[in-house]
Structure formats: C-alpha cells, structure tokens
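The next block holds one structure in the form of structure tokens; read it before the comments.
The values are calculated or read from the model by the stated rules, or taken from the named source; none is laboratory data. It should be emphasised that the depicted structure is a prediction, and the values quoted were computed from it without experimental measurement. As a convention, Cβ positions derive from the backbone with ideal geometry for all residues, glycine included, and neighbour counts pool all protein chains shown. These accessible areas exclude ligands, DNA and RNA; they are computed on the full protein's heavy atoms, side chains included. Shrake-Rupley method; radii C 1.70, N 1.55, O 1.52, S 1.80 Å.
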Amino acid sequence: MNIFKSKKEAKSLPQNGDTIKAAYEILQRYKQGKASLEARMIENEQWWKMRHRDGTDTTPSPWLFNCITNKHADAMDNLPTVTCLPREASDTAAAKLLTDIMPVILDENKFEKTYSDCWYDKLKSGCACYGVFWDPSLSGGLGNVDIRRIDILNLFWEPGVNDIQHSQNVFHVELWDNSTLRSKYPVLSDSLSSPLFNTSRYIYDDSVDTSDKSLLIDWYYKKRESAKDVVHLCKFCNGILLYSSENDSEYRHRGFYDHGRYPFVMDTLYPVQGSPCGFGVIDAMKGTQAEIDALGSSVVKNAKMGALRRYFVRADGCLNEKEFADFTRPFVHYQGSGDPNSSIMPINTPLLSDVYVAILNNKIEELKETSGNYDFSQGMSSGGVTAASAIAALQEAGSKTARDSIAGSYRAYEEICTLIIYLISQFYTIPRCFRITGKDAALRFLYCSGADILSESGATPLFDLKIHAHKKSAFSRASANELALELYKLGVFNPEYAPQAEVMLGLMEFEGKDSALAAIRENAAHGQIGMNDDKRII
C-alpha cells in the first residue's frame, strides 16, 4: 500500500522519508539507553530456566523458581474484575452497560492467559506491559479491541522517564514474516532484504531462523493540538512508510486515539527511578539463590565423597585390585607373604561440620523471608499450628506482600479498562451484540455502540472503576461457605433479627456481603411468609 501519489505530495505531507530517517535515529538512541535493562532481562530469563551455572559444576536448586511460581499462583487466585460506577446520574445506564459487556470483551481477548503471562514477566524482570489497541481486522472486518502482552525487549521509550506516557516517542517493534508483509504491504516487495534495525533476543533452546523475517515498527508520538496532547501512529519497515495517522485527514488533528495516550500499560513490581520498568524477584533474590546453590552443591559433593570409599594403592603392591573393588566377591587374592594392608590404605574424607548445613538452611530461610514465600502461604503449617482458623490468620498476615504486588496489577487493570472504554466510544460506530450470562444462568443479549457511552456533550464520560478480586482458590470458597453456615446458625437470616443483622453485617467485610444484606432485607419485607403462629420458620 503506497499512501503517496507522487514524490511532490510525499514531501509535502507531515510524515515522509526524511522524518522516517530521523525516527530511526531516535529509535537507535532509545535502544542504546535501555541496553543494560535488556541485558538484565536476558540474564533473568536464564535464571528462570535455571541455566545460570556459568560453566561451573554447581547444580541450580529450584528455591527461587518455587518462590516465583507461588507468587504467580497468588495472583491467579485473585483475578481482577471491574464494576463501572457513574460520576453523574445521566451516566448510570452507560456504567451498567459497561459493567456487563467489559468481561465479554476481556474473555474474547483471552485476558486470563495474557494476565498470567504478564505476571510471569512482572515477577521475573520487574515489569509487565499490556498493549490495548484497536485492530480493524477483528470481528469480520468491523474491528475490535485487541489486548496483548508486550515484550519489553520490543518496546523503546525515552531514557530517563518514570512514566512511559511522559516519553516524547514510543516505538513498538514486531518481527513479521516477509511473505505476510509483502501480501499486506505490496510496497515492501523489494525492500525486505536489508534490515535497518535489530532488537535484542533471548537465548532460545531452539534454533530460531530470522533470515526471512523483517521488523515492522509502530512509532507513536505526541503533538500539541488545540491546547491538548494528541497521539499519532506511524508504521514503517526498512525505511518505507506504510501508514501515518498525521497524513490521514480523518486523524490529522484529533490523533489516532481519542484518549491521547500511548496504548501501553506498564505494571511494575519494585519501582526504580528513571525508568518505567522496575526490578523483579530474580534481581532481588539471585544473590541468595547463588549462595544456596554453591553451599548445596558442596554439601552434596561431600556426601558423595563420604559414601564412596577411596584407597591409596602401592604401584608394586600384591593385592588384586579388580577383586578388591568388586564388593560381590567373597575372596580377594594377593601375592607374596607380606601383610596386604601394607599395599593399600583407605583415604579418609573429611566430613563437613553441621554448621555448614545450618548455614545452608539459614540461607534458604533468608530467601523465604525476604521474598515473603512463607511455608503457610503454600498451605503448610509449622510450630504446632493445626487449627484451621489459626492457619487462615497466618496466611492472611503472611500474604501482605502478595496483596501489595497484586494491588499494583489492579491499578494497571483499571488503566486497561479505561482505555477499553475510550476505544468503545471512538470505534463502535455501529451497535455490537454481546451475549451475557448472569449468575442465575439467565441469558441476555445487549447491544452497545459508541453513542451509548458518549455524554450529551459528545465526550467520553468519566467513570469510577471499582476493581475487586474474583477469588478462585478452593480455600477461599470453603471459607466463604463456612461463613455463610455460621451466619445461618446465628439466625442472621431470620426476619425477626433483620435490624440487628444489618448492623452486624455493616461492621463486617467479606466477599458476598452485599448479597447477604439484600437477602436479609428481602426476608424482612416478606417476614410473615412461611412462618407458623409462634413465628418459627417452617
């Protein structure tokens, strides 16, 4: 696709060959600025795969691996879900509609898998990145929201900024097959042989051939238009301009996205100054893990040496060494009349003191303590704690670091949902149908268009997004069921005790509290139904 009709027109447009050349220079400068970050991420990936021996005979142990998988399990047990709350009464219908259709859009994008992949990135490297785009090829050519995991190695921003939204430019680089690029962009037919830019790559187990692939670059940049910032998109490959929203009359002044933001959401674990990326569990714990590996390998090596008896044997000795080494033979022959013990002498292996094993165990406990990967957080108990309530209390207290990191992901999730709302209001030019299944398995069909979201002034209204956990763990469900039974035994659902029950539940916090309060009020409203003369429930 050639967007230029003539060379003269190409020169007169905002984006042309000269600006693409300048963009490559900016991209190269941004890549140099994040060289140390990329090297650290590639090294962390090797640690994650336990391939960090560095040529030594040290055997890696999976303590750090277990720490990451346990934290990932905590995150997946608390998947976020969203409720839209209106800020004005006129937006109430739109907020309810968005609350119903948002889970459908996320399910269509298989967001649970994306969330899982991004959480591994967050734990390993300290930062995950979500891309929230509008893809015109989805939904049979109507276009739809596209949510993807973004590899940080393929994303470039201005060095030194804490927030990627403060970068003057953002580049997203993606490797495409040349045949696909030629079919989609015929103008590239003769321009895919000499790449002008290369990205860093992980150390793969497989042999990855990229000789017939090229990098498609999405260049996002901000400009000031009518007292507000607008974001533009420019696509190019090997120096050839493929699309520019600034060259497009529809987007020239409004920008490609009405929300005016880069379509990237960063989710940082442990923040650092001067970068939108932080550092992860591996960065914080790999020193301790390396010491555990070294001590553990030494202890195991000493145990093997102690288990295998070795001997000094004289070169002119009279003992049959082959028979002596064979422990299945009852007789060992020797020549001469001398003492056979004078020809062979055992080698005494020095045994390690118990203090070294204690140091190893202390290092393991250090990794657990500093990472928050306690025994009871994995369902194990220690110190004689056996009561279910006590274990639950310890798990709740020990999961505060997990709750803190999960809260960061909830903030990123809120930003993702905000971008989705803006994309719906901008690009849903015709009504879209959504199939909604309620808690009671009732099936509904809702229609939504951008006009349903926009306010009377034509702007996208602001909503308060309430993010809460959709708990999946079996323990959480069992705990909720046990609480419901306890409330029932206490007579909370008895209509006679409705006023006291409302006061009591108002002081409590638990999942499903609103449903319990609604049931109590409904029972109170129909308190005479289903009762006999002495007011006992039949």
Next on the checklist: Condition first: hydrophobic (A, V, I, L, M, F, W, C) and at pLDDT below 75. Now tell me which residues in the stretch 469-521 satisfy that.
Outcome noted: Ala474, Phe475, Ala478, Ala480, Phe510
Checklist entry - If a residue has to be open to solvent by 30 Å² or more (accessible area, probe 1.4 Å) and either in a strand (DSSP E or B) or β-branched (Val, Ile, Thr) (or both) to count, how many in the stretch 230-286 make the cut? => result 8
Checklist entry - Which ones in the stretch 303-323 are hydrophobic (A, V, I, L, M, F, W, C), closer than 12 Å to Ser343 by Cα and either open to solvent by 70 Å² or more (accessible area, probe 1.4 Å) or part of a helix (DSSP H, G or I) (or both)? => result Phe312, Ala315
Checklist entry - Counting only residues that are open to solvent by less than 20 Å² (accessible area, probe 1.4 Å) and not in a loop (DSSP other than H, G, I, E, B), which one in the stretch 139-150 is farthest from Arg261 (Cα to Cα)? => result Asn144
Next on the checklist: Can you go through Leu192, Leu215 and tell me which one is assigned to a loop (DSSP other than H, G, I, E, B) and buried (at least 19 other Cβ atoms within 10 Å of the Cβ)?
Outcome noted: Leu192
Checklist entry - What do you reckon, is Phe65 among the aromatic types (Phe, Trp, Tyr) and in contact with a strand residue (DSSP E or B) (Cβ under 6 Å, 6 or more places away or on another chain)? => result no
Item to check | Within the stretch 38-56, tally of residues that are open to solvent by less than 30 Å² (accessible area, probe 1.4 Å) and either assigned to a helix (DSSP H, G or I) or at pLDDT 90 or above (or both) | outcome: 3
Checklist outcome for this item: Of those in the stretch 418-469 that are out of contact with any His (no Cβ under 9 Å at 6 or more places or on another chain) and among the aromatic types (Phe, Trp, Tyr), the residue surrounded by the fewest Cβ atoms within 10 Å (Cβ to Cβ) is Phe445
Checklist entry - Could we say that Trp176 is part of a strand (DSSP E or B), open to solvent by 40 Å² or more (accessible area, probe 1.4 Å) and either touching a helix residue (DSSP H, G or I) at 6+ places or on another chain (Cβ under 9 Å) or modelled with pLDDT of 90 or more (or both) here? => result yes
Checklist outcome for this item: Restricted to the stretch 110-138 and to residues being of a type in the set (D, E, K, R) and assigned to a helix (DSSP H, G or I), the residue most open to solvent (accessible area, probe 1.4 Å) is Lys113
Checklist outcome for this item: Of the residues in the stretch 69-85, those that are open to solvent by less than 50 Å² (accessible area, probe 1.4 Å), out of contact with any His (no Cβ under 6 Å at 6 or more places or on another chain) and under 24 Å from Ile416 (Cα atoms) come to Lys71, His72, Ala73, Asp74, Ala75, Met76, Asn78, Pro80, Val82, Thr83, Cys84
Checklist entry - Taking the stretch 95-106, which residues are under 19 Å from Glu415 (Cβ atoms) and either touching a residue at least 24 places away in the same chain (Cβ under 8 Å) or open to solvent by 40 Å² or more (accessible area, probe 1.4 Å) (or both)? => result Ala95, Leu98, Ile101, Met102, Pro103, Ile105, Leu106
Checklist entry - What is the one condition in (1) open to solvent by 30 Å² or more (accessible area, probe 1.4 Å); (2) not in a loop (DSSP other than H, G, I, E, B) that Thr59 does not satisfy? => result (2)
